[in-house]
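Here the structure is laid out as structure tokens; the discussion comes afterwards.
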């Protein structure tokens with residue numbers, strides 16, 4: 001919807017200034033570390049200094065002697081208490097039909113530590129200072145074992161886990177291998193490429209934290225934690241780890257300072273803290289310092305890939321073969337198995353009509369931090385493969401990279417389009433985004449800009465990425481058949497209060513996305529109730545229905561759709577009440593902008609009047625329950641498919657290798673947009689993270705498994721002066737299967753931008769290959785011909 | 001040790017160990033949780049406050065240094081009903097998402113505008129070098145600061 005069509009200044013489509021901002025800009029946010037409870041203790045974890053070591057014994061006597069120390073609890077204590085392992089939520093099967101090989105994953109290491117930073121003991125004390133001091137005095141007896149670190153070598157290295165040969169969790173495949181082989185046999189041209197997708201460390205600005213408490217009187221546990229999905233946390237802690245039964249466990253995710261996927265997962269720390277709080281019968285707070293975040297937050301990406309693209313005489317893509325080795329780290333994190341498989345292989349068709357695609361993925365264990373979903377989760381990796389190889393093919397064939405893409409794109413009349421890798425795209429107009437992006441970047445003027453740069457001893461390059469993503473994983477039945485351990489619906493509840501104000505409960509958690517504003521816009525729009533009268537409540541298992549939470553850009557498409565359906569139920573019931581009050585039949589009552597209107601009359605009742613009547617049911621239908629509330633569990637019929645074109649323009653300083661991103665254009669199709677201000681902000685942030693991957697960020701382990709990039713001084717996060725202003729726009733093809741016509745915008749920026757930036761840099765370098773991140777040293781060496 | 005300092009215009013006295021960081025004095029001892037801790041290497045800037053009107057990272061000051069200081073935190077520059085122009089600009093320009101870096105970012109931004117003439121896109125970006133944001137890509141933060149620098 002364009003802004004011109006917006007009906008009100010707070011409804012769907014309006015750039016409403018965020019209501020949550022007031023607390024954040026005045027310092028009144030309520031993050032986990034801002035919360036304290038009387039008598040609380042402080043937890044500090046002891047972490048393995050070795051990438052792989054047997055734990056023979058842990059001597060806690062000196063630590064326990066430190067003044068203020070209340071307890072030292074070890075992994076062995078958790079095992080002795082009968083606590084279960086941390087589960088992986090997606091069972092992936094190998095191509096031979098066998099189940100994936102899952103390594104045991106105790107919350108704290110009990111017998112063997114498998115990566116640097118893995119916790120093996122929790123010190124609990126009256127102050128953080130005492131806990132830290134005592135943690136230094138916990139004396140483990142380790143036998144250091146050979147660590148497996150190098151991803152490419154891992155299948156041929158020492159076996160980490162008994163029974164898991166070649167360190168392979170699975171060998172997964174998708175697509176028609178024989179048909180793809182035939183396509184390559186007939187190809188007029190084959191382009192090959194070898195790629196690495198660098199390991200990233202998410203670095204949400206708020207480190208992970210938790211505050212666990214146990215109330216002996218009620219037997220209830222309460223855990224405040226930095227979570228994107230508190231119900232999932234509760235489910236795992238009760239059903240799998242068995243800390244407490246689900247109805248005695250309340251998880252609250254208050255204000256959360258960014259997630260980007262890293263706060264989806266169920267980690268050792270909150271698990272150990274809530275368990276320990278029950279043992280010592282006092283609240284315990286743990287806050288990660290940034291060094292712990294680097295070591296123990298789930299990392300992202302980390303693939304090695306060989307890909308080949310077959311083309312016919314005209315430049316049409318006829319086949320794509322991809323073989324990827326994906327690093328899963330030392331353990332299968334909550335969704336770690338699904339990221340390089342179902343969220344990766346299924347996206348390899350991109351925006352193109354490539355008829356034959358075959359992908360094989362080896363999921364490999366190494367003695368490094370677990371790898372799981374990070375902004376985009378599999379889809380940036382897929383886009384990187386497709387868009388690097390397509391750009392390379394264009395260069396080899398001497399074709400304009402925009403033209404080669406255009407001639408292979410799925411066209412608007414082709415939808416719904418079934419890809420050879422299991423997805424059915426519902427709608428899109430890929431050329432529309434490409435055309436607008438070419439216009440914004442002034443593609444025709446590139447050669448002149450390139451010539452001007454050359455005068456300054458700069459090489460200017462331009463690079464494209466036409467990406468597709470799949471958001472709002474769905475439907476539940478399909479996902480569960482493919483191995484997901486949970487459904488993929490979302491819950492929503494609308495309560496019209498007796499005075500006409502509205503309390504809305506959503507299972508989607510907001511940790512920067514602005515749900516409190518956007519969701520209020522949606523409900524206001526659907527019910528004709530003033531935006532100011534609507535409160536959005538999220539992030540507390542004690543207040544709302546079971547929910548799946550926030551990941552995969554699903555909040556509005558799934559959580560927002562749940563609220564639209566709940567609003568529909570409110571209106572249906574309201575019609576019955578209004579009809580009774582107006583002495584008419586419900587089918588003769590229409591609902592329009594907050595008014596129940598009797599057809600062919602001047603009679604109308606406001607939704608507030610109807611709500612009041614529902615709670616004071618004197619003049620009220622006999623067969624109707626009092627109250628005006630509605631709940632929905634919305635299960636999407638399909639994924640949504642945002643798509644777009646990103647174009648990067650860079651200048652490389654020939655003498656120093658310093659590369660400057662001088663221009664970046666993103667044109668995205670997110671379907672209808674509820675709040676353009678927020679959508680643009682999501683794109684900015686996503687692009688910045690993608691540019692970070694392409695040019696700056698790299699999580700590096702040395703050969704012994706020590707993390708070399710374990711602080712913000714060593715791991716290069718994008719800073720303000722690393723980035724340009726971004727030039728962004730949107731095109732619209734509404735999603736066909738959800739009631740808002742929305743697709744999701746959270747990850748697109750991080751999906752398209754890495755390939756666009758690297759394509760621009762390799763263009764500037766005369767098609768010399770460069771791996772991410774394209775640091776000045778790498779670029780300089782490439783210029784020097786090394 | 002006992003130290004005295006002025007925070008947001010009020011005289012305060014705290015009894016802390018001498019290795020306590022100013023940011024912990026503010027958060028733990030004075031309950032001013034608007035100032036955040038995002039790292040342990042003085043890289044992120046989430047703890048930026050003003051000391052005698054200039055932005056500093058509160059994780060770089062220890063208790064003996066803080067004695068006698070005049071500190072302003074995010075809680076001291078405006079209220080929901082009477083926002084500082086920089087707070088207003090951050091909201092207007094959607095210059096924050098998760099909000100965690102925001103207090104430090106706003107304190108740094110105020111320092112930038114008050115102590116520099118002719119700020120442009122480049123100099124604003126360079127002036128934010130010590131403050132990390134992972135959500136916004138800085139685009140709207142730069143826009144907000146520029147709007148205040150330009151006088152509205």
Q: Report whether or not residue A:480 is without any contact (Cβ under 8 Å) to a residue 60 or more places away in the chain, surrounded by fewer than 22 Cβ atoms within 10 Å (Cβ to Cβ) and outside any helix (DSSP H, G or I).
A: no
Q: Test residue A:43 against the stated conditions and say whether it is in contact with a strand residue (DSSP E or B) (Cβ under 9 Å, 6 or more places away or on another chain), assigned by TED's automatic domain parsing to the domain that holds residue A:280 and under 30 Å from residue A:345 (Cα atoms).
A: no
Q.
Could you go through the stretch B:132-148 and let me know if any residue there is in a loop (DSSP other than H, G, I, E, B) and either more than 23 Å from residue A:749 (Cα to Cα) or in contact with a strand residue (DSSP E or B) (Cβ under 8 Å, 6 or more places away or on another chain) (or both).
A. no
Q.
All but one of (1) crowded, with 19+ Cβ neighbours inside 10 Å; (2) in a loop (DSSP other than H, G, I, E, B); (3) touching a residue at least 24 places away in the same chain (Cβ under 8 Å) hold for residue B:23; state the number of the condition that does not hold.
A. (2)
Q: Residue by residue through the stretch B:69-95, note down the ones that are within 14 Å of the chain's Cα centre (by Cα) and not in a helix (DSSP H, G or I).
A: B:70, B:71, B:72, B:73, B:77, B:78, B:84
(Q) Which of the helices (runs of 4 or more DSSP H) found entirely inside the stretch A:218-321 contain at least 3 residues meeting this: out of contact with any helix residue (DSSP H, G or I) (no Cβ under 6 Å at 6 or more places or on another chain) and in the same structural domain as residue A:350 (by TED's automatic domain parsing)? (A) none
Q. Which of the residues belonging to the stretch B:122-131 are in a helix (DSSP H, G or I), closer than 16 Å to residue B:101 by Cα and either more than 7 Å from chain A (Cβ to nearest Cβ) or modelled with pLDDT under 95 (or both)?
A. B:127
Q: Pick out the one residue from A:564, A:616 that is farther than 30 Å from residue A:262 by Cα and in contact (Cβ under 8 Å) with a residue 12 or more places away in the chain.
A: A:616
**Q.** Count of residues meeting criterion [in contact (Cβ under 8 Å) with a residue 60 or more places away in the chain and within 20 Å of residue A:420 (Cβ to Cβ)] in the stretch A:354-387
**A.** 15
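Among the residues in the stretch A:685-695, are any surrounded by fewer than 24 Cβ atoms within 10 Å (Cβ to Cβ), touching a residue at least 24 places away in the same chain (Cβ under 8 Å) and assigned by TED's automatic domain parsing to the domain that holds residue A:759?
For the stretch A:685-695, residues surrounded by fewer than 24 Cβ atoms within 10 Å (Cβ to Cβ), touching a residue at least 24 places away in the same chain (Cβ under 8 Å) and assigned by TED's automatic domain parsing to the domain that holds residue A:759: absent.
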Q.
Looking for something part of a strand (DSSP E or B) and crowded, with 23+ Cβ neighbours inside 10 Å - is there at least one such residue anywhere in the stretch A:139-156?
A. no
(Q) Exactly one of these conditions fails for residue B:60: (1) surrounded by fewer than 18 Cβ atoms within 10 Å (Cβ to Cβ); (2) within 12 Å of chain A (Cβ to nearest Cβ); (3) without any contact (Cβ under 8 Å) to a residue 40 or more places away in the chain. Give me its number. (A) (2)
Q) Of all the helices (runs of 4 or more DSSP H) wholly in the stretch A:4-81, which have at least 1 residues that are within 14 Å of chain B (Cβ to nearest Cβ), within 34 Å of the chain's Cα centre (by Cα) and surrounded by fewer than 22 Cβ atoms within 10 Å (Cβ to Cβ)? A) A:21-25
Q.
Condition first: touching a helix residue (DSSP H, G or I) at 6+ places or on another chain (Cβ under 7 Å) and either in a helix (DSSP H, G or I) or not assigned by TED's automatic domain parsing to the domain that holds residue A:466 (or both). Now tell me which residues in the stretch A:731-760 satisfy that.
A. A:748, A:749, A:750, A:751, A:752, A:753, A:754, A:755, A:757, A:758, A:759
Q) Among the residues of the stretch A:454-462, is any farther than 30 Å from residue A:595 by Cα and assigned to a helix (DSSP H, G or I)? A) yes
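The values are calculated or read from the model by the stated rules, or taken from the named source; none is laboratory data. Please read these numbers as outputs of a predicted model, since none were measured by experiment. Methodologically, a virtual Cβ is constructed for each residue, glycine included, from the backbone with ideal geometry; neighbour enumeration extends over all protein chains shown.
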